[in-house]
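Student: Have a look at this one before I ask anything.
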Amino acid sequence: MHPARFAYARPADLAEALDRLAGSAAPAVLAGGLDLVPALRARKARPDTVVDISAIPGLDYASLRDGSLVAGATARQDQVLRLAEAHPGFALLAAAMRTMGTAQVRRTGTVVGTVMQADPALQLAAVCGVLDAIVELRGPEGTRRLAAASLFAGTRLPHGTLAVEIALRPMAEREGWAFARAGLREIGGHLGGVAARLSFGADGRHVADAVVAPFVAGHDGSPLGPVGAALAGRPLDPDTLRDAEAAARAAVRTTGDNLSSADYRRHLVGVLTRRALAEAAGRARRNPDV
Ligand SMILES: Cc1cc2nc3c(=O)[nH]c(=O)nc-3n(C[C@H](O)[C@H](O)[C@H](O)COP(=O)(O)OP(=O)(O)OC[C@H]3O[C@@H](n4cnc5c(N)ncnc54)[C@H](O)[C@@H]3O)c2cc1C
């Protein structure tokens, strides 16, 4: 199918992009185009104007700023992955990104575009929740910063909003992390997965803080609060891990589809939560400061 008719704009700077977005009744931002172009062709997206941000200078950076990893709106996934791999504080992000698509996808797609797509079944939904990602937005309401988790939870943005940057905080040295997923590319997608971080108190035995976020169809991308509550202040023994698994199963909201039932996904998130917490604990314990 051919896309419905739309005007195409390739602004030369940010101000012009914001003008074009504000001046259109139903605009769409085009970054890498991996999601938007198929949506246009299937007529799932029918914008009146497509604003291509690829020519705007100064948005293709991926760097560290005050310890956080920041990526501009046109920074490609592979740029961000290389940076994350070079800095231990972003090992969780790197582990998750290595499972995203193919090398070709990562060369074309942007991290900001993936987050703006806001699909809670994708890896970055969980990573953004665990690493407290913040997106900087420009638009009719001026400049504002928003937790990326709220995008995955379905927050609607005012018409004409452009995301210019995402920032993710580093893991502290005392924090252990893990990323676990199930599913094969061959079957057309992930069944689900989790990202986790965990730290111990001064005694090195009792959990001080644990955050687990699932990425799975039907969940809203937010961390599973009851899992953190089931662990806080307790030693990480088999009983605690079993309680965390049960809490994850009960707290995750998921749906069934042609790949698996909702019950299977709930079970999967529970099992992956237990395994991820054990792995994160192993990493936290290897840190001599614990
Ligand atoms: C074969 C294949 C496999 C894939 N596997 C995975 C995978 O395993 N995991 C995964 O997470 N993704 C996967 N993807 C998807 C891909 O990683 C991202 O969805 C894609 O890169 C999104 O980035 P983009 O720059 O192409 O966004 P685009 O397609 O350009 O935009 C995506 C959406 O976000 C909006 N948008 C983009 N940038 C902005 C902005 N700056 N401000 C406001 N709105 C904006 C667009 O209007 C559009 O609605 C896969 C894609 C393909 C083709």
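Please treat every number below as a calculation from the coordinates, not as lab data. Bear in mind that the values here come from a model prediction, so they are computed numbers and not experimental data. Cβ sites come from the backbone with ideal geometry, for glycine too, and all protein chains shown count toward neighbours.
Student: Can you tell me the Rg and Dmax of the range 62-168, counting just the alpha carbons, in angstroms?
Tutor: Answer for the range 62-168, Rg first and Dmax second: 12.9, 38 Å.
Student: Follow-up question, since we're still on this one. Round to the nearest 0.05 the FRET efficiency obtained for ARG286 and ALA232 when R0 = 25 Å and r is the Cβ-Cβ distance.
Tutor: 0.70
Student: If you don't mind, another one. Which of ARG283, ARG144 comes first, and how do the rest follow, when ranked by fewest Cβ neighbours within 10 Å?
Tutor: Fewest-to-most Cβ neighbours within 10 Å comes out as ARG144, ARG283.
Student: What's the extension gain from ARG82 to ASP13 if we count 0.36 nm per residue and subtract their Cα-Cα distance?
Tutor: 22.2 nm
Student: Treating each Cα of the range 176-286 as an identical point scatterer and ignoring solvent, apply the Debye formula and state log10 I(q)/I(0) at q = 0.23 Å⁻¹.
Tutor: Summing over Cα pairs of the range 176-286 leads to -1.17.
Student: Quote the relative contact order of the chain in percent (integer), defining contacts as alpha-carbon pairs under 8 Å separated by 6+ residues.
Tutor: Computed value for the chain: 15 percent relative contact order.
Student: Hey, what's the Cα Rg ratio for the range 248-290 versus the globular rule of thumb, 2.2 N^0.38 Å?
Tutor: The value comes to 1.57.
Student: For a quick protection proxy, order the peptides 265-278, 13-26 by their average other-Cβ count within 10 Å, most packed first.
Tutor: 265-278, 13-26
Student: Whole number please: convex hull volume per residue, Cα atoms of the range 7-52, in Å³.
Tutor: 59
Student: In square nanometres, what is one fourth of the surface area of the convex hull spanned by the alpha carbons of the chain?
Tutor: 15.4
Student: Now for a different question. Quick one: which residues, 5 or more positions from LEU191 or on another chain, have an amide H under 5 Å from its amide H? H modelled 1.01 Å from N in the peptide plane, none for Pro or chain starts.
Tutor: Under 5 Å from the amide H of LEU191 lie the amide H atoms of ALA182, GLY183, LEU184, each far enough along the sequence or on another chain.
Student: Show the residues, 5+ positions off or on another chain, whose built amide H is closer than 5 Å to the amide H of ASP220.
Tutor: HN-HN under 5 Å from ASP220: ARG253.
Student: Can you compute the charge dipole magnitude of the range 192-290 about its Cα centre, using +1 on each Lys and Arg Cβ and -1 on each Asp and Glu Cβ, nothing else charged? Give it in debye, rounded to the nearest 20.
Tutor: Using Cβ point charges on Lys, Arg, Asp and Glu, the range 192-290 gives about 140 debye.
Student: Putting +1 on Lys and Arg Cβ atoms and -1 on Asp and Glu Cβ atoms, find which of GLY89, GLY192, SER24 reaches farthest to the positive end of the dipole of the chain.
Tutor: Among GLY89, GLY192, SER24, the one farthest towards the positive end of the dipole of the chain is GLY192.
Student: Further question: Which of the listed residues, VAL212, LEU157, LEU241, is farthest toward the dipole's positive end in the range 155-252, when Lys, Arg count +1 and Asp, Glu count -1 at the beta-carbon?
Tutor: Most positive-ward Cα: LEU157.
Student: Express the C-alpha Rg of the range 121-213 as a ratio against the empirical globular expectation 2.2 N^0.38 Å, rounded to two decimals.
Tutor: Normalised by 2.2 N^0.38 Å, the Cα Rg of the range 121-213 equals 1.33.
Student: Could I ask something else about it? Please list, ordered by chain and number, the residues whose modelled amide H lies under 5 Å from the amide H of THR110; skip anything fewer than 5 residues away on the same chain.
Tutor: Under 5 Å from the amide H of THR110 lie the amide H atoms of GLY32, GLN77, each far enough along the sequence or on another chain.
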